[in-house]
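Here is the structure we will look at.
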Amino acid sequence: MQIKSIRGFNDILPDKIKRWHHIESTAKEILELYGFSEIRTPVIEFTDIFARSLGTTTDIVEKEMYTFTDRDGSSLTLRPEGTAGVVRAYIEHALYSISPIWKLYYMGMMFRHERPQKGRYRGFYQIGAELFGSKDPFSDAEVITMLWRFFEAIGISNYLTLEISSIGDDRCRPLYRSKLIEFFSSRKDTLCRDCLRRLQQNPIRILDCKQEGCKQLTQDAPSILDNLCKECSEHFESVQKNLQNIGINFAINPRIVRGLDYYTRTVFEVTTKELGAQNAVGAGGRYDKLVEELGGPPTPAIGFAIGMERVVLLHEKAFPEDFKKQVDVFIAYIGSEAKKKAFLIADQLRRNSIATELDYEDRSLKSQLKRADKLGARFTIIIGEDELKQDKVKLRNMKESTEEEIKFEDIFPKLKNTCSHLSNTTSDFHRNQKAL
Ligand code: AMP
């Protein structure tokens, strides 16, 4: 049997992971600044949760879910997206009874059986946020602003465009739906096979079709924005004003329909021209009916999901230099007594937040120094027999190519100011250790 991963599923190896960590920690920082807390839900749910929330006529539910029968006969599905599970948890734990507003975020793997290509995988990561309990257009603007600030914070917003629209609610959308059916029914000959089916089941999705013929046809189709009811129209106006007020640039694109049934009113997408066909980097919208449809109390909500792999691709474009693991100090030793001492010093430095490496195999000083170089260590400590006798070490500044002899007890005081990430650490762990 050939040892290989499943098609569409990727390993993220250590040489890439630093970049992932950087993006994830920036996201966490921003999300928490806006008052969002992390929620972790299982990667697997009863199939019904997704079928009911995404809609049975959506591409995901129709053909992309990883669904299987459990040993007890129940149908389970690997989550194709994050919102349904978060809503399930929100209802199951009656979070609404604890607080009227909940701001939740998640990061994790999603599973969709799509045709893999660059930027599109079967196992992929999303960062998502959901705000429950407010129908105020201010909350739409807040969530969209947070999404944009995240892209700014990681330095890829120059590659991106924000587009927003409204898809109305259950007062105005049915009317719009029948207008679309009327429009497309008289032009059936030009529609692709998928859209002929959509015409019966979900005509709004025709607006989203990528086929040239359908795309052309939709140019003249009635626009949802001309068909919003008064409340939806006012809501959309207000979202736009709130965004303009704080200088978030956006374009209005009435063709944003989103693939899922659960959206109402505000929908938005962040796209890029840099990634070919897979141009959506993040997307979301308001879903005021979903909590109720899944059995909870009526609860307005709005959220988004960002595709991590696509963010990483853009980040690599913007910052091609490697995100390397940072090693502050490499300790080279000669002899078994020095090795013990090296191990002790390494422990002390690590407990004080200084990233330290040393060899295991008692190799020659030359090969140890080679490894220090390869790791990009900023300092190398050398402990030989002579140094050991005098309670001293050689401290080499690798960048400046300088070397000095210092006492054991001076190692930490000497290094603590130069190893910058140390001064940034504020956790109790680090504070306590520094006091050592
Ligand atoms: P969606 O839940 O379809 O709105 O997706 C939200 C974001 O997840 C998209 O904008 C993409 O960036 C990302 N995404 C969706 N599907 C995939 C996939 N198959 N592979 C990689 N990223 C994806």
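Some observations on this one:
- Inside region 333-380, residues that are open to solvent by 80 Å² or more (accessible area, probe 1.4 Å) and either outside the structural domain of ARG396 (by TED's automatic domain parsing) or under 21 Å from ASP410 (Cα atoms) (or both) make up a count of 7.
- LYS289 being farther than 30 Å from SER367 by Cα, assigned by TED's automatic domain parsing to the domain that holds LEU54 and either crowded, with 18+ Cβ neighbours inside 10 Å or within 13 Å of the ligand (Cβ to nearest atom) (or both): yes
- Region 303-332 - residue that is open to solvent by less than 20 Å² (accessible area, probe 1.4 Å) and more than 17 Å from the chain's Cα centre (by Cα) and, of those, nearest to the ligand (Cβ to nearest atom): VAL327
- Residue check: GLU231 meets all listed conditions (1) of a type in the set (D, E, K, R); (2) out of contact with any Ser or Thr (no Cβ under 7 Å at 6 or more places or on another chain); (3) within 16 Å of the ligand (Cβ to nearest atom) but one, namely (3).
- Complete set of residues in region 1-57 that are of a type in the set (Lys, Arg) and over 30 Å from LEU290 (Cβ atoms): LYS4, ARG7, LYS16, LYS18, ARG19
- Matching entry among ARG40, ARG7 (being touching a residue at least 24 places away in the same chain (Cβ under 8 Å) and outside the structural domain of VAL87 (by TED's automatic domain parsing)): ARG7
- Scanning region 231-254 for residues that are open to solvent by 50 Å² or more (accessible area, probe 1.4 Å) and assigned to a strand (DSSP E or B) yields one hit, ILE252.
- Number of residues in region 107-118 that are more than 6 Å from the ligand (Cβ to nearest atom) and assigned to a loop (DSSP other than H, G, I, E, B) equals 4.
- Residues (without any contact (Cβ under 8 Å) to a residue 24 or more places away in the chain and among the small types (Gly, Ala, Ser)) located in region 158-187: SER178, SER185, SER186
- The residue of region 255-286 that is modelled with the lowest pLDDT, among those that are open to solvent by 30 Å² or more (accessible area, probe 1.4 Å), within 22 Å of LEU313 (Cβ to Cβ) and within 12 Å of the ligand (Cβ to nearest atom), is ALA277.
The values are calculated or read from the model by the stated rules, or taken from the named source; none is laboratory data. Predicted, not measured: the structure shown is a model, and the values here were computed from it. Backbone-built Cβ (ideal geometry, glycine too); neighbour counts: all protein chains shown. Heavy atoms of the whole protein, side chains included, go into the accessibility calculation; ligands, DNA and RNA do not. Shrake-Rupley method; radii C 1.70, N 1.55, O 1.52, S 1.80 Å.
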